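Throughout, read-outs are computed from the coordinates displayed, never taken from laboratory work. These figures come from a predicted structure and were not determined experimentally. All Cβ positions, glycine included, derive from the backbone under ideal geometry; neighbour counts span all protein chains shown.
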Amino acid sequence: MLASGTGTILGAILDAGLAVGVVILDRPCPAAELAGAAGVATEVVERESYGAEFDRVAYTHRVVEALKRHQIDVIAMAGFGTVLAPPIFDVYAGRILNTHPALLPAFKGWHAVRDAIELGVKVTGTTVHIATEEVDAGPILAQEPVRVEPGDTEESLHERIKVVERRLYPETIRLFMRQIRGGGTA
Ligand code: GRF
């Protein structure tokens, strides 16, 4: 798992009993404590800068090295705050999953929930997809809608979306793992 934030999606994956080999974080964050408390190996591959001088390729190589050290074969991103560079796709193409808080291809990017509210859509949702070099653009594995209610804030809407993500993402990861291990369509 790659995470950066509060880690509630990570928590749902651990609660679902999926075998997590390592949790990689790009900064100290609550997700680290959560993984530690669950007894899962964690590594903070700390991002050294957020400015224009940030060496994304070198950083990505550090993440790949950490994943290899833990013999990881499938990656699930859950709110990881750093866009990774092509070297990760050289090693893990087709085996990196992501959950996004909108119905892709609508509202790509980091502010998907805020953008949905600002545009005034009545329905948004969540998407589980395979991550590719182009951000939020890879093949879609699962989607579910979530209604936008009158008076919703970014926080209230995001929390209702995350309720769905906490169910849909573990289910989809489980199915994906079965499929790549040759278990058919379950
Ligand atoms: C989720 O909404 C995920 O789709 C997005 O970041 C959020 C992570 O939530 N990319 P949490 O930190 O696991 O609570």
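For segment 1-137, what is the percent of antiparallel DSSP beta bridges, rounded to the nearest 5? All intermediate terms of the calculation are to be shown ahead of the outcome.
On the way: 4 of 14 bridges.
Bridges in segment 1-137 that DSSP calls antiparallel: roughly 30 percent.
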Between the alpha-carbon centers of segment 1-66 and segment 103-178, tell me the distance in whole angstrom.
20 Å
Can you give the angle from 0 to 90° between the axis of helix 56-69 and the longest principal axis of the chain, with both taken from C-alpha atoms, to the nearest 10?
70 degrees
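Are there chymotrypsin sites (Phe, Trp or Tyr not before Pro) in segment 1-85 that DSSP puts in a loop and that have at most 14 other Cβ atoms within 10 Å, and which ones?
On the way: sites: TYR50, PHE54, TYR59, PHE80; in loops: TYR50, PHE54, PHE80.
Filter output for segment 1-85: TYR50, PHE54.
Per residue and in Å³, how big is the convex hull formed by the alpha-carbon atoms of segment 1-107?
Details: hull volume 12.1 nm³, N = 107.
So the per-residue Cα hull volume is 113 Å³.
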Rounding to the nearest 10 and keeping the result within 0 to 90°, find how far the Cα-based axis of helix 154-180 lies from the longest principal axis of the chain.
50 degrees
Net dipole in debye of segment 63-186 [+1 Lys, Arg Cβ; -1 Asp, Glu Cβ; about Cα centre; nearest 20]
540 debye
Length gained, GLU118-VAL44, 0.36 nm per residue minus C-alpha separation, equals 23.2 nm
Set of lysines with alpha-carbon distance to LYS108 below 21 Å, sequence-local pairs under 8 removed:
LYS122, LYS162
With +1 at each Lys and Arg Cβ and -1 at each Asp and Glu Cβ, the charge dipole magnitude of segment 16-94 around its Cα centre, to the nearest 20 debye, comes out at 120 debye
